[in-house]
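Here's the structure, in structure tokens; my notes come after.
The values are calculated or read from the model by the stated rules, or taken from the named source; none is laboratory data. Model, not experiment: these values are computed from the prediction. FYI the Cβ positions are ideal-geometry reconstructions off the backbone, even for glycines, and counts take in every protein chain you see. Accessible surface is based on the protein model in full, side chains and every heavy atom, while ligands, DNA and RNA are left aside. Shrake-Rupley method; radii C 1.70, N 1.55, O 1.52, S 1.80 Å.
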Amino acid sequence: MGKEYAQIAGGTLVMANIMIIRKIFSLKVFEFENTGAVFSIKTYHPLHNNTPSPVIEYPLDKLLDIKIRRLLFADIVIVDVYAEHTDSHLRFKIKTSNVSTDFYNKMLSSID
């Protein structure tokens with residue numbers, strides 16, 4: 001019976017390590033900037049590239065909504081903007097890691 005427990009514990013340890021490694025590889029740093037006229041969202045992986053690349057840059061008056069969907073291993077920032085050329089809205093989904101509630105509230109207060 002001790003051998004079976006060792007096998008279960010070993011399998012659990014392997015799965016935990018795989019989940020941790022997956023979390024590290026999917027890690028993204030999220031930056032939000034509001035200049036008053038334009039807002040931009042940039043992301044980068046801290047281990048691969050320290051230069052943020054813009055994901056979205058739009059005029060602030062076209063911003064409709066920003067939401068966060070919290071998942072087990074990541075957060076998804078959902079940004080809706082107005083698109084004049086189609087007279088509808090565009091939705092951007094940006095996968096990121098650990099956007100704090102405080103940071104999210106600061107984003108919302110900066111665009112109001």
For the chain, the longest principal axis of the Cα atoms and the Cα long axis of helix 2-25 enclose an angle in degrees, to the nearest 10, of 20
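Quick one: if the Förster radius is 35 Å, what FRET efficiency do residue 18 and residue 102 give, using the C-beta to C-beta distance and rounding to 0.05? Working shown, then result.
Numbers: r = 31 Å, r/R0 = 0.89.
Between residue 18 and residue 102 the formula returns 0.65.
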Take the solvent-accessible surface of the protein heavy atoms, probe 1.4 Å, and return the percent of it on the chain that carbon and sulfur atoms account for.
59
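With every protein chain left in place, what is the accessible area per residue of the chain in square angstrom, probe 1.4 Å?
Values: 7690 Å² over 112 residues.
I get 69 Å² per residue for this part.
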Please list, or write none, the lysines whose alpha carbon is within less than 25 Å of the alpha carbon of residue 106, excluding same-chain residues fewer than 8 places away.
28, 42, 62, 67, 93, 95
Using the Cα atoms of the stretch 53-112 to build a convex hull, what is its mean projected area in square nanometres?
4.6
Run a plain Debye calculation on the chain (Cα atoms as equal point scatterers, no solvent) and give log10 I(q)/I(0) at q = 0.11 Å⁻¹, rounded to two decimals, same order as the q list.
-0.47
Compute the helix-to-body angle for 101-111: its Cα long axis versus the longest principal axis of the chain, expressed 0 to 90° and rounded to tens.
10
